[in-house]
Number of protein chains: 2
Amino acid sequence: MDERLKIIFSRRSIRKYTDRTLSETDITSLLEAGMAAPSASNQKPWHFVTVADKQKLKALADAHRYGKMLPGAALAIAVCGDPSISSWWVQDCTAATENILIAAAGLGLGAVWLGCHGDPEREQAIREILGIPERVGVLSLLSIGHPAEEKEARTQYDPARVHVDAW
Amino acid sequence: MDERLKIIFSRRSIRKYTDRTLSETDITSLLEAGMAAPSASNQKPWHFVTVADKQKLKALADAHRYGKMLPGAALAIAVCGDPSISSWWVQDCTAATENILIAAAGLGLGAVWLGCHGDPEREQAIREILGIPERVGVLSLLSIGHPAEEKEARTQYDPARVHVDAW
């Protein structure tokens, strides 16, 4: 693994957090990273809902099958996309999601991606909890905090998935 | 912008390249970064077709409306996903795509994302050029080389897109 890419390899799914809150500076850095993502024709169809309110984190945990770590998180971010801005919003918001996760690793935070768009019932439940308009898609929910577990940097490189000049 | 996140902010769309080829080490690093992406339930539905062959790069340029830089690229990577492995393949392969683009920036290379999945005709044309099976989706085509243009690191942070605790 090339040392210059360490931030990429050190992004792991972190589900245990300390009680420390996130600084405003860190929250802004995460959002700056999200909005540094590429988007089709630079249309930037994304919106971000940040959630630190414990009652809302609990409601989100109840709404998401894999979200039981959320009440212990310092922050959740719902990455949303407006299809009226771009038909490519799913890919654009996924790139923004991945940027935020890599940024969390770079800031020494821990985070995990909870999939939403692709499961309409889950997406609708989150929309209702956060007051997100009907027209807007909820791509992902990110659970973020100061890590209380450690995982090693890794790639899962598999040469069987590489095809040279043709499949 | 936090210096620790520089690799994220320095990822820009680079469409002009020198004649230098990519080292095998750099190609492997790009693919290691792609396969370090998260995927739903860690199903890793991705496949990567690397293309350095000039005839194929020309054919890809003809098949993609925004691909005219491809014949000047040292390498293209088609990021593909197998829906029979995971129904979340679009998001997983988009995360892998973004990882490769960030890795290119980290290695001092330049790259640009050419959208494919979302335009069925374009996707099919690329499938045929690269011998990709019918069942497999082509999420993106990445054009990569040693940069012959410079762009400043940036975020496109917009506070109007941030909502605190509710939309």
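If I ask for residues that are touching a residue at least 60 places away in the same chain (Cβ under 8 Å), outside any helix (DSSP H, G or I) and either crowded, with 24+ Cβ neighbours inside 10 Å or facing chain B (nearest Cβ under 10 Å) (or both), which ones from region A:68-93 would you list? Spell out how you get there, then give the answer.
First, the residues of region A:68-93 that are touching a residue at least 60 places away in the same chain (Cβ under 8 Å): A:69-70, A:72-79.
Narrowing the set further to residues that are outside any helix (DSSP H, G or I) leaves A:69, A:73-79.
The answer is A:Ala73, A:Ala76, A:Ile77, A:Ala78, A:Val79.
If you go through region A:93-105 one residue at a time, do you hit one that is polar (S, T, N, Q), at negative phi and touching a helix residue (DSSP H, G or I) at 6+ places or on another chain (Cβ under 7 Å)?
yes
Quick check: anything in region A:30-39 in contact (Cβ under 8 Å) with a residue 12 or more places away in the chain, under 22 Å from B:Ala153 (Cα atoms), out of contact with any Ser or Thr (no Cβ under 8 Å at 6 or more places or on another chain) and assigned to a helix (DSSP H, G or I)?
Yes, the conditions are met somewhere in region A:30-39.
Looking at this structure, is B:Ala96 buried (at least 24 other Cβ atoms within 10 Å of the Cβ), in a helix (DSSP H, G or I) and touching a strand residue (DSSP E or B) at 6+ places or on another chain (Cβ under 7 Å)?
Spelling it out, B:Ala96 is indeed buried (at least 24 other Cβ atoms within 10 Å of the Cβ), in a helix (DSSP H, G or I) and touching a strand residue (DSSP E or B) at 6+ places or on another chain (Cβ under 7 Å).
Quick one: B:Ala63 ticks every box in (1) more than 8 Å from chain A (Cβ to nearest Cβ); (2) among the aliphatic types (A, V, I, L, M); (3) in contact (Cβ under 8 Å) with a residue 60 or more places away in the chain; (4) in contact with a strand residue (DSSP E or B) (Cβ under 7 Å, 6 or more places away or on another chain) except a single one, so which number is it?
So the condition that B:Ala63 fails would be (4).
Would a scan of region A:74-86 turn up a residue that is in contact with a Gly (Cβ under 9 Å, 6 or more places away or on another chain) and more than 23 Å from B:Gln91 (Cα to Cα)?
The answer is yes, given that some residue of region A:74-86 is in contact with a Gly (Cβ under 9 Å, 6 or more places away or on another chain) and more than 23 Å from B:Gln91 (Cα to Cα).
Could you go through region A:3-19 and let me know if any residue there is within 7 Å of chain B (Cβ to nearest Cβ), crowded, with 18+ Cβ neighbours inside 10 Å and over 17 Å from the mean Cα position of the chain (by Cα).
yes
Rule-based calculations on the coordinates, nothing more; no lab input. Worth saying up front: this structure is predicted, and the values here are computed from it rather than measured. Glycine also receives a Cβ, built like all others from the backbone with ideal geometry; neighbour counts cover every protein chain displayed.
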